[in-house]
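Peer 1: Can you keep this structure in mind? I'll have questions shortly.
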Amino acid sequence: MNLKMLSVGVLLLCGAAQAALIEQYQLFDHPDGDVNPPPYGLRFDNIFVPQGGPSGIASFSMDNVGDTTLSVFDDGGGSYRIQIAGTLYGGVDAGSTYGYGEGLYDLFFEYAANVAPSGTGWVVDPSSALNAGTLTSQGNADVPSGYVFTFEDKSQPSGESFLFLQDDHRLQGHPQEGQGFWVGRGWVMGAQYPMGTQDFLFIAEKIPAPGAMSVLGFAGLAAVRRRR
């Protein structure tokens, strides 16, 4: 290995080390979604319109595969990032099941700006062009594999675009009430999509603290996902 390659490697390692993974959560569908069933953690009405599909309610479940996580990174200097990533299952809402677009989708969304701690949770306020993500089809009868839906965050009148709080939001009367769940809700949008309800709504449990190697591993994985 020559000196130049070694120097580049050291710089990459130092850069990755600065992005410390400080918290990680397993995500689940919220039991009180307005159009449940089917249950979901992401609702994105009219998402299939730009792809040539029908308009209407569309929702995506985090429970079907069960690998969706929320990760919080400390980038140093008081800067934080939140990444939501995993495999969702869904399509156009057809009552208790799905219609157009039914299938698996890879989700990656990053809040890279205006992330701040709030109690035991986190708040993003206000929205930013840096807060954006993708939903990528794994392939189904209606949406080809690799088709990418892009979207970004959207501020509410009160300013916030994402709340992740241990506050039992809309859990009253459900078995999850009072059990210590975090609740995530975040509003998203895309100029290419007709208006409709488009937001995250999920519950979460904290995953035990990862080992030191996870700091580098997740930082590297995030970089790979951003390059896709």
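Peer 1: Of everything in the range 178-201, what is over 22 Å from Ser55 (Cα atoms), out of contact with any Lys or Arg (no Cβ under 8 Å at 6 or more places or on another chain) and not in a loop (DSSP other than H, G, I, E, B)? Give them in sequence order.
Peer 2: Listed by number, the residues that qualify are Gly184, Arg185.
Peer 1: Could you run through the range 60-113 and say how many residues are under 16 Å from Asp199 (Cα atoms) and modelled with pLDDT under 95?
Peer 2: 0
Peer 1: Could you list all residues from the range 142-181 that are within 22 Å of Gln198 (Cα to Cα) and of a type in the set (A, V, I, L, M, F, W, C)?
Peer 2: Val143, Val148, Phe149, Phe151, Phe162, Leu163, Phe164, Leu165, Leu171
Peer 1: What are the residues in the range 93-102 that are buried (at least 17 other Cβ atoms within 10 Å of the Cβ) and out of contact with any Asp or Glu (no Cβ under 8 Å at 6 or more places or on another chain), if any?
Peer 2: Scanning the range 93-102 gives Asp93, Tyr98.
Peer 1: Filter the range 118-138 down to the residues that are surrounded by fewer than 13 Cβ atoms within 10 Å (Cβ to Cβ) and free of Cβ contacts under 8 Å to residues at least 40 places away in the same chain and list them by number.
Peer 2: Scanning the range 118-138 gives a single hit, Ala129.
Peer 1: Continuing with this model, one more query. Looking only at the range 74-108, how many residues end up being of a type outside the set (Val, Ile, Thr) and touching a residue at least 60 places away in the same chain (Cβ under 8 Å)?
Peer 2: Counting residues in the range 74-108 that are of a type outside the set (Val, Ile, Thr) and touching a residue at least 60 places away in the same chain (Cβ under 8 Å) gives 6.
Peer 1: I need the full set of residues from the range 147-177 which are outside any strand (DSSP E or B) and either surrounded by 21 or more Cβ atoms within 10 Å (Cβ to Cβ) or among the β-branched types (Val, Ile, Thr) (or both), in order please.
Peer 2: Ser161
The values are calculated or read from the model by the stated rules, or taken from the named source; none is laboratory data. The shown structure was predicted, so the numbers you read here are calculated from the model rather than taken from an experiment. Please note: Cβ atoms are built from the backbone with ideal geometry, for glycine as well, and neighbour counts cover all protein chains shown.
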